[in-house]
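Novice: My questions all concern the structure below.
Each value in this text was obtained by applying a stated rule to the coordinates, not by laboratory testing. Predicted, not measured: the structure shown is a model, and the values here were computed from it. We place every Cβ from the backbone using ideal geometry, glycine too, and count neighbours over all the protein chains shown.
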Amino acid sequence: MNYNITILANLVYANKIMEEKNNQIIWEPQELIYDVGDASNAAFLVIQGYVYLYTSNGLLLGRVGEGEVFGESSCILQTNRSVKAIAGEHKVLATKIPHFSLKRMVKGDKAIAAILRKTQLRLIDSNNQSQDLATDLDSILKKLENKSVDLKLIQDHLQLIRKKLASMQFID
């Protein structure tokens, strides 16, 4: 067997069909890249295409495109995935950054490591706040769809949302 030939691995598991070759990964359109709770062993640098990030309840948090990294938070913080990543409308080509490589980069500069860690914690908190507010708004919409609407109850719920928004810290 010639070990100089890179073997193209087609991995098919849990509705995942991806191709990986020399740390380059291709995901098919709409393919699940990872889900909330999955183990984190790599981050990814998008070369081509878009990846959409969702909360466990399906709230769209954002879109990652060419030249952007995703999946780094859980690698840096050494936790399971906190969001769901799905390939966009077209194939996604990305470079896999293994956990050990990311860890080596972060270890190289303690100040940068601290900044990245704090930024990742803020991002997770922001994602949680977004999901919390989306849940509140869904609750209000369900109450409005109900034929016997209690306007006082809805008003109270809106006041609670207003308080939550006012208490959020937007730190630069």
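Novice: If you build the Cα gyration tensor of region 110-167 and take the root of 5 times each eigenvalue, what three semi-axes come out, in whole angstrom, biggest first?
Specialist: That gives 36, 11, 4 Å for the three semi-axes.
Novice: Let a ≥ b ≥ c be the square roots of the eigenvalues of the Cα gyration tensor of region 75-172; is it rounded (a/c under 1.5), or, if not, prolate (a/b larger than b/c) or oblate?
Specialist: oblate
Novice: Using label points projected 7 Å from each Cα along Cα→Cβ, tell me how many nm separate Ala113 and Val36, to one decimal.
Specialist: Each label point is offset 7 Å from its Cα along the Cβ direction, giving 3.1 nm.
Novice: Please work out the FRET efficiency for the pair Asn22 and Asp138, using the Cβ-Cβ distance as r and a Förster radius of 35 Å; give the result to the nearest 0.05.
Specialist: Result of the calculation: an efficiency of 0.20.
Novice: Which residues does a label at Asp150 reach in region 123-141, if reach means a backbone N under 14 Å from a point 7 Å past the Cα toward the Cβ?
Specialist: Hits in region 123-141 for Asp150 at 14 Å: 140.
Novice: Give the shape of region 9-107 as rounded, prolate or oblate, defined through the alpha-carbon gyration tensor: a ≥ b ≥ c are the square roots of its eigenvalues, a/c under 1.5 means rounded, and otherwise the shape is prolate if a/b is larger than b/c and oblate if not.
Specialist: Note, shape of region 9-107 comes out rounded.
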